[in-house]
Amino acid sequence: MAVEPVLTIEDLRTYFYSRSKRAFIRSVDGVGLQVRRGETLGIVGESGSGKSVTALSVIGLIDAEPGVITGRVGFRVNGTEWSLLPSIGDHVSLAEEDGRIVEVVKDNRGWRRKVDRLMHGVRGREISMIFQNPRVSLNPFVTIGSQVAESVLLNTGIRNRREAAEKARYWLEQVRMDSPGLRFAQYPGDLSGGMCQRAMIAMALSSEPSLLIADEPTTGLDSTIQSKIVELLDDLKKAVGVTTVLISHDINVVARLSDSVAVMYGGTVLEYGPADRVLSPDFLPKHPYVEALLESIPSERHIKDGLLPRAIEGEVLDTVNAPRGCRFFDRCHRITNGIEEKCRDLEPDLAEISAGHQMRCWLHIG
Amino acid sequence: MSKAILDVKDLKKHYSRSRGLVSALRGRDVVIPAIDGISFYIRENETMGLVGESGCGKTTVGRSIMGLTPITSGQVLFDGEDLSVLPPSRFLPYRRQMQMIFQDLDAALNPKMRVRSILREAVTVFDRPGNEGVDRRIRELLDQVNLKESKLTSFPHELSGGEKRRVGIARALAVGARFLVADEPTSALDVSIQAQIVNLLVDLQRDLGLSYLFISHDLRIVELISHKVAVMYLGKIVEMGLAGSIANRPLHPYTRMLWSSMVDGRSLEGSPSPGGRGTWGSLDFERPQAGCRFASRCPVYRDRGRPAVCTDPSTEPELLDVGRARKVACHFPLQ
């Protein structure tokens, strides 16, 4: 495809140092992804798989400062290219003893300053983000209208307050807020969760960003409201055509909205490819984890056959003691005698198995 | 046919929100009818699913049955005995037969007790089996919920979500419960763990003959494991029937709306555009609708040109038997 990528992530690694465990928590461990203009990339994974930390690393919003953050994040709009990932190396010193890291000393303020300088003009303006909990993300003491208008003033060329308010109203209409004129003057507490999420989306879109990152935009909302938000995102995608990274644990949401999908597990991408291939149970080959994951969600098929979903035994990977070999080794049901040793001792690469479809599994890359 | 283990008759639970002394004296306090007269029964070895949007009163139903919140009126019959009028001393023998699995994993377990103490407390609360008996019983419970013995020395915060849920289930079984209220048992869990817990609940039902009231907003899971399903809207049951028929041939417009709102929604017969746009108000107990509570969001009401019968306060639709073990509260049920 000739469309240029807006966002390119290469070998991103974000480790947090845990004092009590005296070890690094490898939240993101070598992730490489690409988002093309107009495309929606879905990132699916269970909690702790590193999907949110990946997004936060890209946008420079990691709260607890990481011990290590490396890799390359390229962001390209209209010929301008930003390299978004600051090197934390200058701000961290590792105290080692017998080759073991015993203490990590961080210059958090210096690092923060560097990140903020780097993100100036990008975060909020070129890259917007929608967060999981809309009520917490909105300021409870400022009316919905003022919050959207503030985003317009800060992030677009509009400097006139009245114009900004008009623009804000326009975006509230775009996200199909019911009676936008009334909502404009209301506070977040007066709105339902679904309406708050609409306001968040309006705010995120008001800067007309080149990239929208939506982190669990439907989680925590009622199922009836969820489907409305998904419908809205789907329509906005068609109408506005904004390039989106959609992060969710809900496979149905991701399947509905994404063009391509990355399935994450234990800080790495296990399968990456077109959504209709990766998330369709009928498309083969599949990564054993993705296969099991699709099988564990109650679907139409289970109901028709009166079968219970098949559970994936075991627990979600803990990223402190990541295994040497494949991260899914302990829970995998497809290991054969021939490859067992390899699976246990050697981590497979994310390799292309067909055009645009990558997989990290010894079964398929042999 | 096995007999009913639980029979709920015209259960009501009203909360009042105080607006201050003056209003109270004038009798103008706001009354919120969280449960407004619901009746159902559950047979032995049966699972009833209770679904509805958040705030519709599902959890309050569970808590009222368990006696965790005093009810305003109505009856809760367990094995034919009305629990709501029993004195505390006679309530206890029933309490050990009915237990609840709470929604919040972390709030349900004491963070300062190890798993062993949590289970020991539950095992010894009604019986005194002696140290050896306690250990045997705890091992038996671990085996039933499929939890490793090494976890006995862990504190709740050291457990994963699935393990915490298993401890919660083991604790409910420890006293010998026959009936469990499972309040959103899977909602706080990871996708791959949800299926483990659902399968565990189904296995336990088969092995121990348990009955469940399964409260959830996950319609697929409810449809899969329930024998019958009740759909709640604003404190009332609007439709009730066998799980498969509720899901595939909903009669109440709200039921159809719920099932077709699933993101991977199936296309139900005769529902081209489920719900339509702009019909989504939020649940509002404080400004109750006169007549049918659902009218303001109801596509049928809108399509039929707003018939007066739907909003007439004197003709609120009642839950009527329409045959084939099906009940629906609607003036214009779908066909």
A:V115 fails exactly one of (1) open to solvent by less than 10 Å² (accessible area, probe 1.4 Å); (2) within 14 Å of another protein chain (Cβ to nearest Cβ), namely (2)
If we keep just the residues of the range B:144-155 that are open to solvent by 10 Å² or more (accessible area, probe 1.4 Å) and either in contact (Cβ under 8 Å) with a residue 40 or more places away in the chain or outside any helix (DSSP H, G or I) (or both), which is farthest from B:D106 (Cα to Cα)?
B:Q144
Restricting the search to the range B:248-265, which residues are part of a helix (DSSP H, G or I) and either in contact with a Ser or Thr (Cβ under 8 Å, 6 or more places away or on another chain) or crowded, with 23+ Cβ neighbours inside 10 Å (or both)?
B:P253, B:Y254, B:T255, B:R256, B:M257, B:L258, B:W259, B:S260
Residues that are among the small types (G, A, S) and touching a strand residue (DSSP E or B) at 6+ places or on another chain (Cβ under 6 Å), at least 1 per element: which helices (runs of 4 or more DSSP H) completely within the range B:25-143 meet that?
B:58-65
Quick test for you: out of A:D305, A:D345, pick the one residue that is acidic (D, E) and in contact with a Gly (Cβ under 6 Å, 6 or more places away or on another chain).
A:D345
Candidates B:R96, B:R116 - the one that is within 30 Å of B:T60 (Cβ to Cβ), of a type outside the set (G, A, S) and either more than 14 Å from chain A (Cβ to nearest Cβ) or surrounded by 15 or more Cβ atoms within 10 Å (Cβ to Cβ) (or both)
B:R96
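Are any residues in the range A:200-215 of a type outside the set (G, A, S) and either part of a helix (DSSP H, G or I) or within 13 Å of another protein chain (Cβ to nearest Cβ) (or both), and if so, which ones?
Of everything in the range A:200-215, those that are of a type outside the set (G, A, S) and either part of a helix (DSSP H, G or I) or within 13 Å of another protein chain (Cβ to nearest Cβ) (or both) turn out to be A:M200, A:I201, A:M203, A:L205.
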Single unsatisfied condition, A:D259 versus (1) out of contact with any helix residue (DSSP H, G or I) (no Cβ under 7 Å at 6 or more places or on another chain); (2) open to solvent by 40 Å² or more (accessible area, probe 1.4 Å); (3) in contact (Cβ under 8 Å) with a residue 24 or more places away in the chain:
(1)
The range A:287-310, subset within 25 Å of the chain's Cα centre (by Cα), in a loop (DSSP other than H, G, I, E, B) and free of Cβ contacts under 8 Å to residues at least 24 places away in the same chain, residue surrounded by the fewest Cβ atoms within 10 Å (Cβ to Cβ)
A:S299
Could you list, in sequence order, all residues of the range B:140-181 that are more than 15 Å from B:T124 (Cβ to Cβ) and of a type in the set (K, R)?
B:K148, B:K151, B:K164, B:R165, B:R166, B:R178
Go through (1) under 24 Å from A:S57 (Cβ atoms); (2) surrounded by fewer than 24 Cβ atoms within 10 Å (Cβ to Cβ); (3) within 13 Å of another protein chain (Cβ to nearest Cβ) for A:N252 and report which single condition fails.
(1)
Restricting attention to the range B:165-188, which residues are in contact with a helix residue (DSSP H, G or I) (Cβ under 6 Å, 6 or more places away or on another chain) and either free of Cβ contacts under 8 Å to residues at least 40 places away in the same chain or among the charged types (D, E, K, R) (or both)?
B:R165, B:R166, B:R171, B:D183, B:T186
Here are the criteria: (1) farther than 21 Å from B:L92 by Cβ; (2) more than 21 Å from the chain's Cα centre (by Cα). Tell me which single one B:R137 does not satisfy.
(1)
Taking the range A:1-41 and keeping only residues that are under 27 Å from A:V230 (Cα atoms) and hydroxyl-bearing (S, T, Y), one is left with A:T8, A:T40
Number of the exception - A:A275 against (1) touching a strand residue (DSSP E or B) at 6+ places or on another chain (Cβ under 9 Å); (2) more than 14 Å from chain B (Cβ to nearest Cβ); (3) farther than 23 Å from B:L189 by Cβ
(2)
Suppose we keep only residues that are open to solvent by less than 70 Å² (accessible area, probe 1.4 Å) and out of contact with any Gly (no Cβ under 7 Å at 6 or more places or on another chain) within the range A:316-335. Which one would you say is modelled with the lowest pLDDT?
A:V320
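For the range B:173-193, name all the residues that are at pLDDT below 90 and of a type outside the set (A, V, I, L, M, F, W, C).
Those that are at pLDDT below 90 and of a type outside the set (A, V, I, L, M, F, W, C): B:T186, B:S187, B:D190, B:S192.
Can you tell me how many residues in the range A:4-21 are open to solvent by 50 Å² or more (accessible area, probe 1.4 Å) and touching a strand residue (DSSP E or B) at 6+ places or on another chain (Cβ under 7 Å)?
Going residue by residue through the range A:4-21, those that are open to solvent by 50 Å² or more (accessible area, probe 1.4 Å) are A:4, A:10-11, A:13, A:19-21.
After this cut, where a residue has to be touching a strand residue (DSSP E or B) at 6+ places or on another chain (Cβ under 7 Å) as well, the list is A:4, A:10-11, A:13.
Here the count works out to 4.
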Per the filter on the range A:224-243, residues away from chain B (no Cβ under 14 Å) and either open to solvent by less than 10 Å² (accessible area, probe 1.4 Å) or assigned to a loop (DSSP other than H, G, I, E, B) (or both) are A:V240, A:G241, A:V242, A:T243
Is the range A:185-205 home to any residue that is of a type in the set (D, E) and modelled with pLDDT under 90?
yes
Test of understanding: among A:L246, A:L221, which residue is touching a residue at least 12 places away in the same chain (Cβ under 8 Å), more than 23 Å from B:S54 (Cβ to Cβ) and not in a helix (DSSP H, G or I)?
A:L246
Kindly list the number of the only condition in (1) at pLDDT below 90; (2) of a type in the set (D, E, K, R); (3) open to solvent by 80 Å² or more (accessible area, probe 1.4 Å) that fails for B:D321.
(1)
Conditions first: (1) within 14 Å of another protein chain (Cβ to nearest Cβ); (2) hydrophobic (A, V, I, L, M, F, W, C); (3) outside any loop (DSSP other than H, G, I, E, B); (4) closer than 25 Å to A:D349 by Cβ. A:V261 passes all but one, so which condition is the exception?
(1)
Run down A:N108, A:N155 and say which single residue is modelled with pLDDT of 85 or more and among the polar types (S, T, N, Q).
A:N155
Whether any residue in the range B:69-82 is free of Cβ contacts under 8 Å to residues at least 12 places away in the same chain and over 18 Å from the mean Cα position of the chain (by Cα) is what I want to check.
yes
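The values are calculated or read from the model by the stated rules, or taken from the named source; none is laboratory data. Not measured: the values here are computed from a predicted model. Every residue, glycine among them, receives a Cβ derived from its backbone with ideal geometry; neighbour counts consider all protein chains shown. Side chains included, ligands, DNA and RNA excluded: accessible areas come from the protein's heavy atoms. Shrake-Rupley method; radii C 1.70, N 1.55, O 1.52, S 1.80 Å.
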